[in-house]
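The values are calculated or read from the model by the stated rules, or taken from the named source; none is laboratory data. Bear in mind that the values here come from a model prediction, so they are computed numbers and not experimental data. Please note: Cβ atoms are built from the backbone with ideal geometry, for glycine as well, and neighbour counts cover all protein chains shown. Heads up: the accessible areas ignore ligands, DNA and RNA and are worked out on the full protein's heavy atoms, side chains in. Shrake-Rupley method; radii C 1.70, N 1.55, O 1.52, S 1.80 Å.
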Amino acid sequence: MDRGDLLTAMKQCVLDGDVEEAARLAELSLRQGVPPIDSVEKGYVQGINEVGRLFEAGDLFLPELVASADAMKAALEVLKPWMEKAETGRKVIGRIVIGTVKGDIHDIGKSIVASILVANGFDVLDLGVDVSPAAFVEKASEFGADLVGLSALLTTTMPVQREVIKALREAGLRDRVKVLVGGAPVTGRWASEIGADGYAEDAIRAVSVVRGVLGLP
Ligand code: B1M
């Protein structure tokens, strides 16, 4: 299968919610030397974005959305170690605590961002989903984080990003812990409005934004 066909098949298996096929294609892409981030962004993500559009239009329902997310996650499980391995052997250049904010269980994008940051030399503590402001504060302090990354996929959970920033300020951590926000509904304008230090549209951009925010060369 050539690379174009492989990426198309990746998109299709997410649309079909086909978990086995998603994992099989991920293995195949590794054998064929396709960079894992290309498989994710140019293959599987195209499928889940299309699923989102169909769901919004009412042409697809929650069980199908769940099946597609499961297929996406099966592929990520295969690709994650390879994404994180891409640039190993470098020293740790920063410590990051990341999570999806309280009330929100979307974790696919956040996990991709976490893996790409690991691959680029950051020590990343992933708190998972539905993380409260208090938990972000506690873990950022314990971990000695330079930056906290907040993912939100729902318009209703975006305000929790602001609450985390407030909680960091109240805990006296805000002057030494930077904040990056992201997630499909989040914008640069929103980031400025809530006083975040940075916003990244996708995982690749997150790396350069984090480097900039932390003043790394
Ligand atoms: Co949900 N969902 N969902 N969902 N879901 C959306 C977000 C939605 C836009 C779909 C739609 O209607 N078109 C809609 C939100 C509408 C809104 O808020 N206005 C929606 C809804 C309504 C819901 C439920 C309420 C549905 C229901 O129950 N009736 C429910 C809410 C549950 C909850 O969180 N409380 C729900 C549930 C689910 C599933 C569980 C079925 C599943 C998630 C499974 C999982 O994550 N484990 C799911 C999915 C899969 C989606 C869509 C289709 C895809 C999300 C995704 O994984 N995208 C989504 C539609 C969409 O976003 N287009 C949708 C792929 C991923 C790679 O992209 O997450 O955007 P993304 O991440 C990108 C960038 O945004 C960025 O980098 C990533 C990689 O490039 N990024 C960051 C993300 N986080 C970042 C953090 C950073 C920096 C960059 O720094 C810290």
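In table form, for the structure just shown:
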| quantity | calculated |
| --- | --- |
| Proximal charge balance of residue 59 [Cβ under 12 Å; K/R count +1, D/E count -1] | -2 |
| Selected from 177, 192, 207, residue furthest toward positive end of dipole (region 94-213; charges at beta carbon) | 192 |
| Distribution of pairwise C-alpha distances over the chain, 5 Å bins, in % | 1, 7, 15, 18, 19, 15, 12, 8, 3, 1, 0, 0 |
| Exposure rank, largest accessible area first [126, 104, 59; 1.4 Å] | 59, 126, 104 |
| Relative contact order, percent, the chain [alpha-carbon distance under 8 Å, six or more residues apart] | 16 |
| Sum of side-chain charges, residue 20 neighbourhood, beta-carbon under 14 Å (Lys, Arg +1; Asp, Glu -1) | -4 |
| Region 77-176, relative contact order in percent, only Cα pairs under 8 angstrom and at least six apart counted | 33 |
| Extended-chain gain in nm, criterion 0.36 nm per residue less alpha-carbon gap, residue 187 and residue 85 | 33.8 nm |
| Student exercise, region 94-213 dipole from Lys, Arg, Asp, Glu Cβ charges, in Debye to nearest 20 | 260 |
| Positive dipole terminus of the chain, leading residue within 32, 160, 147 (C-beta point charges) | 147 |
| Sparse-neighbourhood loop sites, chymotrypsin sites (Phe, Trp or Tyr not before Pro) in region 50-105 - DSSP loop, at most 11 other Cβ within 10 angstrom | 61 |
| The chain, dipole about Cα centre (Lys/Arg Cβ +1, Asp/Glu Cβ -1), debye to the nearest 20 | 960 |
| Heavy-atom accessible surface of the chain: percent carbon and sulfur, 1.4 Å | 54 |
| Residue-normalised accessible area of the chain, given per residue in Å² at a 1.4 Å probe | 49 |
| Using θ = phi - 60° and Karplus 6.51 cos²θ - 1.76 cosθ + 1.60, couplings along region 4-20 (whole Hz; Gly, Pro as x) | x, 5, 5, 5, 5, 5, 5, 4, 5, 5, 6, 4, 7, x, 9, 4, 4 |
| Cα-based Lys pair tally, the chain, threshold under 19 Å, eight or more apart or on separate chains | 18 |
| Given charges at beta-carbon only (K, R positive; D, E negative), |dipole| of region 3-85 in Debye | 360 |
| Amide H contacts under 5 Å for residue 199, placed H, 5+ residues apart | 181 |
